[in-house]
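Worksheet: the structure to be examined is printed underneath.
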Ligand code: CA2
């Protein structure tokens, strides 16, 4: 058996590398997916990488994750700062969820310094750009331990 994880990306992250590279860098979401696949091979994980621009779809995907994946790495984008529904979905699924951000949300505008989801996630990684994704995968591997 191997661990299976979902890496879920939220609104506007499909635009990475194509607009505002001065804010979020030149890396595209496809580049990040490639990094994650490489890290999954190194960790012996099965990984599914997904993105949605829709809050309800993100919640549906989290509900469906229960029973399918061992953990979730979530870059919820701006829904991080707005969505109690997302917080409720995370707490309902009884799976370890790692909150991930490319940027250091604590060093940005005040409205980005609030996260509704931090309290229901096992931890947060932010500020390391695309490198945060493999870091989060390593953290999930450490949290899950050896597969049965
Ligand atoms: O730093 C992160 O990963 C964020 O989750 C990114 C979100 C932002 O709303 C969060 O506060 C922090 C935004 C992603 C938007 O990405 C864009 C990429 C290219 C052009 C415009 C937006």
query: Going through region 110-133 one residue at a time, which ones are more than 17 Å from residue 96 (Cβ to Cβ), outside any loop (DSSP other than H, G, I, E, B) and in contact with a helix residue (DSSP H, G or I) (Cβ under 9 Å, 6 or more places away or on another chain)?
result: 111, 112, 126, 129, 130, 131
- prompt: Pairs under 6 Å by beta carbon, first residue under 15 Å from residue 125 (Cβ atoms) and at pLDDT 95 or above in region 1-17, partner in a strand (DSSP E or B) and within 9 Å of the ligand (Cβ to nearest atom), six or more apart or different chains?
  reply: 9/75
message: Please verify whether residue 86 is more than 10 Å from the ligand (Cβ to nearest atom) and part of a loop (DSSP other than H, G, I, E, B), treating the condition exactly as stated.
response: no
- line: Pairs returned, first residue in region 22-33 that is without any contact (Cβ under 8 Å) to a residue 12 or more places away in the chain, second residue that is near the ligand (Cβ under 9 Å from one of its atoms), beta-carbon separation under 6 angstrom, 6 or more apart or interchain, are 26/17
statement: When residue 1 is run through (1) touching a strand residue (DSSP E or B) at 6+ places or on another chain (Cβ under 7 Å); (2) surrounded by fewer than 19 Cβ atoms within 10 Å (Cβ to Cβ); (3) not in a helix (DSSP H, G or I), the failure sits at (1)
query: In region 32-47, what count of residues is obtained for those that are under 14 Å from residue 9 (Cβ atoms) and not in a helix (DSSP H, G or I)?
result: 1
task: Test residue 117 against the stated conditions and say whether it is surrounded by 19 or more Cβ atoms within 10 Å (Cβ to Cβ), free of Cβ contacts under 8 Å to residues at least 60 places away in the same chain and touching a strand residue (DSSP E or B) at 6+ places or on another chain (Cβ under 6 Å).
output: yes
statement: Residue hits (region 95-109; within 11 Å of the ligand (Cβ to nearest atom), part of a loop (DSSP other than H, G, I, E, B) and crowded, with 18+ Cβ neighbours inside 10 Å) are 102
task: State the number of residues belonging to region 127-138 that are touching a strand residue (DSSP E or B) at 6+ places or on another chain (Cβ under 7 Å), in contact (Cβ under 8 Å) with a residue 12 or more places away in the chain and surrounded by fewer than 20 Cβ atoms within 10 Å (Cβ to Cβ).
output: 0
Members of region 10-31 found to be assigned to a helix (DSSP H, G or I), near the ligand (Cβ under 7 Å from one of its atoms) and over 12 Å from residue 129 (Cα atoms), listed by number: 13, 15
field: Evaluation of residue 74 against (1) within 16 Å of the ligand (Cβ to nearest atom); (2) under 22 Å from residue 3 (Cβ atoms); (3) assigned to a loop (DSSP other than H, G, I, E, B) (one fails), failing number
entry: (3)
field: Flag for residue 61 being farther than 19 Å from residue 139 by Cβ, part of a helix (DSSP H, G or I) and in contact with a strand residue (DSSP E or B) (Cβ under 8 Å, 6 or more places away or on another chain)
entry: yes
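The values are calculated or read from the model by the stated rules, or taken from the named source; none is laboratory data. This structure is a prediction, so every number in the text was calculated from the model and none was measured. No Cβ is skipped: glycine too gets one built from the backbone with ideal geometry, and neighbour counts run over all protein chains shown.
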